1. With the dipole of the stretch 15-82 worked out from charges on the C-beta (+1 for Lys and Arg, -1 for Asp and Glu) around the Cα centre, which of L52, A81, N66 lies farthest toward the positive end?
2. Under 1.5 on a/c is rounded, so check that first for the stretch 36-82, then, if it is not, pick prolate when a/b is larger than b/c and oblate when it is not; a ≥ b ≥ c are the square roots of the alpha carbon gyration tensor eigenvalues.
3. What's the magnitude of the charge dipole for the stretch 22-82 around its Cα centre, counting Lys and Arg as +1 and Asp and Glu as -1 at the beta-carbon? Answer in Debye, nearest 20.
4. Residue by residue through the stretch 46-61, which ³J(HN,Hα) values in whole Hz follow from phi under the Karplus form 6.51 cos²θ - 1.76 cosθ + 1.60 (θ = phi - 60°), with glycine and proline marked x?
5. Want the number for Q29 to N66: 0.36 nm per residue separation, take away the alpha-carbon distance, what's left?
Amino acid sequence: MAVGSIPSLSQDRPKPEIIQAVAMGTSTQVGQQFHVRLIINEYSTEEDRQILIEAFEKGKNQGLVNALEKMRAVGRIAIEAR
């Protein structure tokens with residue numbers, strides 16, 4: 001029987017980087033403010049970056065969406081209207 005401990009995942013990851021901003025609406029949202037928050041848990045690898053560039057070049061927005069859906073999340077974006 002082996003006894004040991006497994007470090008928790010939270011100890012292996014650095015704190016997320018959080019970027020906050022306020023955006024002003026345009027067109028039908030003129031005059032409204034939106035709070036935008038980017039939560040970056042980690043940055044994509046150079047290999048992932050190249051995959052995304054090629055996907056966009058081949059399929060534009062839909063190609064990029066398709067490629068992103070196949071990748072694991074490395075962050076989140078939150079948009080809140082005020």
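The numbers here are math on the coordinates, done by the rules we state, and not lab data. Just so it is clear, the model here is predicted, and its values are computed rather than measured. Neighbour counts are summed over all protein chains in view; Cβ atoms, including those assigned to glycine, are modelled from backbone coordinates with ideal geometry.
1. The Cα lying farthest towards the positive end belongs to A81.
2. Oblate is the answer for the stretch 36-82, as a/c is 1.5 or above yet b/c matches or exceeds a/b.
3. 280 debye
4. Taking θ as phi minus 60°, the curve returns 4, 5, 4, 4, 5, 4, 5, 4, 5, 4, 5, 4, 7, x, 6, 4 Hz for the stretch 46-61.
5. The span from Q29 to N66 would gain 10.5 nm if fully extended.
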